[in-house]
Every structure is written in structure tokens, then in C-alpha cells.
Amino acid sequence: MSTTIITFESVRMVIKADALLRQYQIFCKIIPVPGHISSECGMCIETNSDNHELIRHLLSKHHIQHNINVLQST
Amino acid sequence: MNRYFDNASTSFPKPPQVASEISRYLTEIGGTYGRSAYWRVYETTRMVEACRDRLALLLGTGKPENISFCVNATAAINTILKGIRLKKKKIFISPLEHNAVMRPLTMLQKSGQVILEVLPAHPDGSINLEKLSQINLTEADLIVINHQSNVSGVIQPIADITKYAQEVPVLVDGSQSAGFLPIKIDEWGIDYFVFTGHKGLLGPTGTGGFFVRNPENLQTLLEGGTGSSSDSFEMPDFMPDKFQAGTPNIVGIIGLLAAIDNHPESIIAHVDIINLKNEISRIDGYQVVCAHHSDHQGTLFSLVHQTATASQIAGELFNKFGIEVRSGLHCAPAAHRFYGTFPEGTVRLSFSPYHTLNDLNYLLSALKNLTNHI
Ligand SMILES: Cc1ncc(COP(=O)(O)O)c(C=O)c1O
């Protein structure tokens with residue numbers, strides 16, 4: 001199992017990304033940034049979608065700078 | 001009957017949703033901006049960002065992230081004037097600038113950082129474009145223009161001024177234009193645009209801000225926590241966080257969002273204000289301070305009386321008719337010097353989208369009545 005954490009520079013970008021990904025039925029949960037991920041702002045998006053290509057494409061197309069982190073759980 | 005004609009000071013009434021949304025935030029939502037990830041914070045942050053987006057749409061820019069919130073236009077103007085790099089040490093200003101511009105500029109002038117030069121203008125205060133074209137504007141760091149004069153209501157030709165300015169950045173003080181007049185930041189090529197939330201935008205006091213086209217050219221005035229880049233002692237250099245030190249006025253911004261979303265269509269038309277102005281100028285004793293062309297006339301104008309002082313007129317209007325207007329210098333001594341109404345000042349009449357023709361007629365008949373008895 002793995003989860004995807006998307007982090008952003010600013011919370012404005014989190015809000016924009018959340019609205020955008022939901023439009024494409026990509027399940028998003030807003031969570032505090034996990035301690036071991038160094039992130040720029042207090043919130044980030046957790047998603048169970050592993051379609052990283054689509055996420056990257058959508059966010060980039062809308063000029064939303066982001067980082068995709070994959071967390072492996074045992 | 002609406003007898004409040006001081007909307008250039010602060011607008012009243014507000015759309016009812018301003019109070020109800022503020023109350024909903026205070027009683028049901030709560031939460032800060034962006035510092036955590038639970039629902040209250042998310043909802044609050046979403047509304048603050050929605051307000052930024054609405055403002056961008058209204059002010060005609062495709063870059064909402066380049067809009068920063070401040071407590072008022074004055075704070076926004078100070079941020080810009082003290083944050084730009086003054087290389088050429090010269091700033092051009094219109095003759096009608098408010099003290100929100102004149103006082104910080106005078107500070108900079110006194111400390112030898114800048115020389116001020118007033119742009120050529122027609123007798124009504126509108127910038128003389130023909131003469132402007134003969135001036136070498138490129139020797140300046142900045143051009144500052146009050147979009148709508150808060151004394152006469154003269155609207156400046158911003159699109160023409162930015163054309164002549166070419167590479168020189170233009171700061172437009174939109175305190176009296178945002179919400180009252182159409183604004184096209186991108187199309188007109190405006191570099192800095194300042195707004196206040198509590199006048200034409202019909203929002204609460206304590207809200208305002210600015211648009212900056214090239215944030216990298218502007219240093220911060222305030223530094224502090226942003227909830228982002230928290231591992232660093234330095235301010236983030238990205239927008240909108242760069243100029244957002246400290247918790248923003250969330251209550252106010254949510255009120256401003258409600259105001260923008262529920263801004264009413266004006267009941268009276270532009271021509272009704274022009275007609276009122278013309279009628280007043282025909283009454284014996286009054287002289288109107290306004291634009292010479294009705295196309296350049298905004299949503300306010302001033303008057304003076306041959307014998308009575310501005311404060312006498314304002315006092316009588318309130319005591320006899322319950323009409324509220326502002327008299328004096330309106331924090332704009334530069335404009336009054338230009339119009340020859342310094343130091344007495346004028347009586348200013350400023351309108352709201354909620355005014356009706358009846359309200360204007362009441363004001364007109366009160367002024368007629370006064371001139372016979374004063
Ligand atoms: C032209 C102009 N600029 C700036 C300001 C300052 O606005 P605020 O008091 O909201 O900072 C005003 C308001 O009085 C104004 O009329």
C-alpha cells in the first residue's frame with residue numbers, strides 16, 4: 001500500500017489544487033504536512049490516486065507548483 | 001430615505017450579506033488562515049482566497065496571487081512607496097493626490113530619497129495628455145495617479161497615462177475607484193494598483209490591499225509569520241505570501257467577499273449625478289468643483305458657497321435636513337490648493353448604488369432651501 005502526498009509552496013496553491021483535482025474526481029484529503037516531509041506550508045493534500053501523471057499534468061497546466069511524495073506503508 | 005452622502009469616506013449601507021457572513025464566520029466557522037489543515041482553517045483559507053480571486057476578476061487582472069491584503073489603502077500605498085527601489089530619485093504625481101500618498105512621499109522627500117514633480121493638468125485636475133507627451137517621464141522611478149479624485153470626482157485617463165509612461169511603473173490609487181468605476185489592470189498596463197475595501201467595494205473597514213505586477217521589484221514593509229517556509233527567518237519570495245506577514249483581517253476579508261458577491265446594481269445612473277451637479281451649479285450662491293467633461297466625472301463632487309463656509313453648509317444640512325456630508329479638506333490639501341479651495345475646503349457629496357432619485361431630489365431641495373436662508 002502507498003499513499004500520495006502532494007505538497008505546495010503556499011496554502012493558496014493547496015486550495016486551488018484541491019478544487020481542481022476534485023473536479024476530475026481525484027479523491028483529496030487535506031492533512032497537516034507529515035513531519036518527515038519538508039514542506040513549504042502547513043497543509044497538503046493526501047490522495048489514494050496513483051495516477052501521478054494526470055495529477056502532475058493538471059496541476060502544471062494550471063501553474064500550480066507542487067511536489068509529489070509517495071509514502072510506502074507496511 | 002437615504003440621507004447619507006458621505007460614501008467617499010466610507011460606504012453605507014453595506015449589502016446585508018456583509019454582516020451575516022461576518023457573523024457566520026464568528027459564530028460558526030472560526031479558524032485561522034492557512035496555518036493548519038482541519039476543516040475550520042480550510043474553510044477560512046478558501047474564503048480568503050475566493051476574495052482574492054473575486055478582486056482579481058473585478059479589477060481586471062489574470063494574476064490574483066499578485067493581490068495582497070492590507071488593513072487599508074494607506075498601508076498598501078506605504079508598502080509600495082517604501083518598498084520600491086529609488087534609483088533615479090524622482091517620482092511624478094498628479095496634482096490631486098490624497099495625503100495617503102503625499103505624507104509618505106513627503107517623508108521620502110525630506111530624507112533626500114526622492115524629488116517630487118507634479119504632472120501637468122487641465123483646470124479641472126485631469127492630466128493634460130498633450131503636455132504629458134512632451135515630458136521625459138523615463139527619468140522617474142514611478143508615476144502616482146489618484147484614479148478618481150476624492151474632492152472633485154475627476155477620473156484620470158489611466159490607459160493613456162500608462163501608454164506615455166512606457167517602462168516607468170505607474171501606481172494607481174484606486175481608493176475612490178474600486179467598486180465605483182470599471183478597472184482593467186492588465187489591459188491598461190498598471191504596475192501597482194491600490195484599493196480599499198470599505199468605500200466603493202461596500203466591504204467593512206480594515207480591508208484593502210494592492211496589486212503588484214512584478215513582486216520581485218518590491219521589498220517588504222512588514223516581516224513575520226506566513227505559515228509557509230517556516231524553517232526560514234526570511235520572508236518567502238513568492239506571492240501571495242511575500243506581503244502577508246501575520247494573521248490577516250479574516251473577519252474583514254470575509255465581509256469583503258460577501259460585499260463583492262452581493263454588490264447591487266446602482267439604482268441611479270451616471271446621468272442622474274451629472275444632472276444633480278448641473279442643477280446645483282444653477283442655484284444662486286453655489287459653485288461646483290467637478291470634472292469639466294461629464295465623461296470624466298465619477299461618483300462624487302464638491303461644492304462651495306459664495307458666503308457660507310463649507311462647515312456651515314454641512315452643519316445646516318445635518319441639523320435641518322438630517323443630511324450627512326463631509327466638509328473640509330478631505331485629507332487632500334494638494335487637491336484643494338490646486339482648485340483654490342484651500343484652506344477652507346469644500347462640501348463633498350458622494351453617492352452609493354443604494355441612492356434613489358428621490359434621495360437626490362431631497363438633497364437638491366435642501367441645498368436650494370439653505371441658500372435662501374444662510
Ligand atoms: C484618494 C484616496 N486615497 C487614499 C485614501 C485612504 O484610504 P484608507 O483610509 O482606506 O486607507 C482615501 C480615503 O479617504 C482616498 O480618498
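Read-outs: derived from the displayed coordinates by stated rules, not from any lab. Note that the structure is predicted; figures quoted are calculated from it, not measured. Neighbour counts run over all protein chains shown; Cβ positions are idealised from the backbone, glycine included.
The mean count of C-beta atoms from other chains within 10 Å of the C-beta of residues in A:13-19, rounded to a whole number, is 4.
Given charges of +1 on the Cβ of Lys and Arg and -1 on the Cβ of Asp and Glu, with all other atoms neutral, how large is the dipole of chain B about its Cα centre, in debye to the nearest 20?
So the dipole magnitude of chain B works out to roughly 600 debye.
Restricting the calculation to Cα atoms, every distinct pair contributes to the Kirkwood radius of the range A:2-72, found to be 11.8 Å. For B:ARG282 and B:LYS110, the difference between the fully extended length at 0.36 nm per residue and the C-alpha to C-alpha distance is 57.5 nm. Our helix-only sum for chain B, with -39,500 (n - 2.57) per DSSP H run of n ≥ 4 divided by its residues, gives a mean residue ellipticity at 222 nm of -10500 deg cm²/dmol.
Full extension from B:TRP39 to B:GLU216: what is 0.36 nm times the residue separation minus their Cα-Cα distance, to one decimal in nm? Can you show the working numbers first?
Working: separation 177, 0.36 × 177 = 63.72 nm, distance 3.33 nm.
This chain segment gains 60.4 nm when fully extended.
When the protein assembly as shown is described by a simple charge dipole with +1 on each Lys and Arg Cβ and -1 on each Asp and Glu Cβ, the residue from B:LEU137, B:PRO264, B:PRO240 located farthest towards its positive end is B:LEU137. Under the combined filter of DSSP loop state and at most 16 neighbouring Cβ atoms within 10 Å, the range B:225-330 retains these GluC sites (Glu not before Pro): B:GLU234, B:GLU265.
Return the whole-Å distance between the Cα centroid of the range B:198-223 and the Cα centroid of the range A:1-60. If we compute the Cα centre of each part, the gap is 29 Å.
Beyond 23 Å between alpha-carbons counts as too far, so tell me which of B:LYS87/B:LYS110; B:LYS63/B:LYS131; B:LYS131/B:LYS277 fall in that bin.
With Cα atoms farther than 23 Å apart: B:LYS63/B:LYS131; B:LYS131/B:LYS277.
Once both labels are positioned 7 Å from their Cα atoms along Cα-to-Cβ, the gap between B:SER232 and B:LEU181 label points is 3.8 nm. A Förster distance of 51 Å, applied to the separation of the beta-carbon atoms of B:ALA245 and B:THR356, puts the FRET efficiency at 0.70.
The dipole here belongs to the protein assembly as shown: it is taken about the Cα centre, uses +1 on the Cβ of Lys and Arg and -1 on the Cβ of Asp and Glu, and is about 500 debye. The lysines whose alpha-carbon is closer than 20 Å to the alpha-carbon of B:LYS199, local same-chain residues fewer than 8 away aside, are B:LYS14, B:LYS184. Shown here for the range B:223-320: chymotrypsin sites (Phe, Trp or Tyr not before Pro) in loop regions (DSSP other than H, G, I, E, B) with at most 15 other Cβ atoms within 10 Å, namely B:PHE233. Between amide H atoms placed 1.01 Å from N, distances below 5 Å from B:PHE301 occur with B:LEU349, all of them 5 or more places distant or on a separate chain. With unit charges on the beta carbons (Lys and Arg positive, Asp and Glu negative) and the dipole taken about the Cα centre of the range A:2-72, which residue among A:ILE37, A:SER10, A:GLN72 sits farthest to the positive side? The residue sitting most towards the positive pole is A:SER10.
Quick check: residue separation of B:SER23 and B:SER365 times 0.36 nm, minus the Cα distance between them. What number comes out in nm?
119.2 nm
Which one of B:SER23, B:ILE323, B:PRO13 has its Cα pushed farthest toward the positive end of the charge dipole of chain B, where Lys and Arg give +1 and Asp and Glu give -1 at the Cβ? In chain B, that residue is B:ILE323. Taken about its Cα centre, the range B:40-104 carries a charge dipole of about 500 debye when Lys and Arg each add +1 at the Cβ and Asp and Glu each add -1 at the Cβ.
Round to the nearest 0.05 the FRET efficiency obtained for B:VAL271 and A:MET1 when R0 = 60 Å and r is the Cβ-Cβ distance. E(calc), rounded to 0.05, equals 0.30.
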